[in-house]
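**Q** One structure coming up, written as structure tokens, with questions to follow.
The values are calculated or read from the model by the stated rules, or taken from the named source; none is laboratory data. Quick caveat: nothing in here was measured; it's all calculated off a predicted structure. As a convention, Cβ positions derive from the backbone with ideal geometry for all residues, glycine included, and neighbour counts pool all protein chains shown.
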Amino acid sequence: MKSERVAGVLPEPGGFVTTRWSLILSATDLDGDKQKAHAALAELCRSYWRPVFLFISRQGYSTPEAQDLTQDFFVTILETDWLQQADQHRGRFRSFLLKSVQNFIGHAEERRRAIKRGAGFEFVSWDEWLAETPSELTIPDHALGSLAPAEVFDLRWATTVVDHALDRLREECESKGRLRLFDTLRGCLASDRSDVSYPSLAAALSITDAMVKKQLHNLRQRFRWLLRTEVAHTVQNPADIDDEIRHLCVVLAAANTAAAYSATTNGH
């Protein structure tokens, strides 16, 4: 399934305007625009449902049960007054979604009996998702086994945010006829790695080392901006953007460390 896109909500670059999560929270007031808020909530849920599915899967449910419960969870979120009960001071959609699904699963037997409530409502296409190209940031199963369900949720959230930003950058490059440049340099975008072989990249692209450095710098800058834009949609206060990005980076770094340790101890 192709990832949901986030349209340009942040100006380039600088100011901050209403984003989807702040719109949703503002609509809990009596004068809020409920229709727009519902549409914004539906789009955020479709963009970030994968962490919910993996969290539910880690509770011991079979894949079909986890699929049904995920569908039912989002029916509950979208078609009830669940949002009215949300903590207005919890300014991050990630926190709201994790807390909500924890409460949802807390009534496991009740949910098992209500599992067909979402019949006829297809929130996601499971066949398309199962055939989807894995994230470049996917952590091996043997490493995931050492993580708690909430940690798996945060990890899948972090990879989803990064994947969305990369998808948007890829689309921009493709629209400008620079897809080959993106495909060649994408593995070097996430950080200022010291092991980048500029001569190898220059040879692959048939350009000079100096031009590779310039192009990589530009792509990294654009990627970071797109990542901030993606994160901005999920926080209420713009002051929380940097803290949320730091949290996601810590989650990814910890998961990579766990994967490396697991690979060593398991002889992979």
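**Q** Suppose the filter is under 30 Å from D242 (Cα atoms), in contact with a Pro (Cβ under 6 Å, 6 or more places away or on another chain) and either at pLDDT 90 or above or not assigned by TED's automatic domain parsing to the domain that holds D242 (or both); does R58 pass it?
**A** When the stated conditions are applied, R58 passes them.
**Q** Suppose the filter is at pLDDT 90 or above, over 19 Å from H164 (Cα atoms), exposed (fewer than 14 other Cβ atoms within 10 Å of the Cβ) and not acidic (D, E); does A210 pass it?
**A** yes
**Q** Return the pairs, sorted by first residue and then second, in which the second residue is of a type in the set (F, W, Y) and modelled with pLDDT under 85, the first residue lies in the stretch 29-47 and is assigned by TED's automatic domain parsing to the domain that holds D81, the beta carbons are less than 8 Å apart, and the residues are 6+ apart or on different chains.
**A** Note: pairs meeting the criteria are C45/F123; R46/F123.
**Q** Which one is nearest to P149 (Cα to Cα) among residues in the stretch 54-73 that are surrounded by 22 or more Cβ atoms within 10 Å (Cβ to Cβ) and among the aromatic types (F, W, Y)?
**A** Looking at residues that are surrounded by 22 or more Cβ atoms within 10 Å (Cβ to Cβ) and among the aromatic types (F, W, Y), I get F55.
**Q** So, one more: Does E43 qualify as being more than 20 Å from the chain's Cα centre (by Cα), assigned to a helix (DSSP H, G or I) and at pLDDT 85 or above?
**A** So E43 does not fit the description; no.
**Q** Pull out all pairs, ordered by first then second residue, where Cβ-Cβ is under 6 Å, the residues are six or more apart or on different chains, the first lies in the stretch 233-247 and is among the acidic types (D, E), and the second is in a loop (DSSP other than H, G, I, E, B).
**A** Sorted first by the residue in the stretch 233-247, then by its partner, the pairs are D240/G91.
**Q** Considering only the stretch 87-176, give the helices (runs of 4 or more DSSP H) lying wholly within it that have at least 1 residues that are buried (at least 19 other Cβ atoms within 10 Å of the Cβ), hydrophobic (A, V, I, L, M, F, W, C) and modelled with pLDDT under 80.
**A** Result: 141-144.
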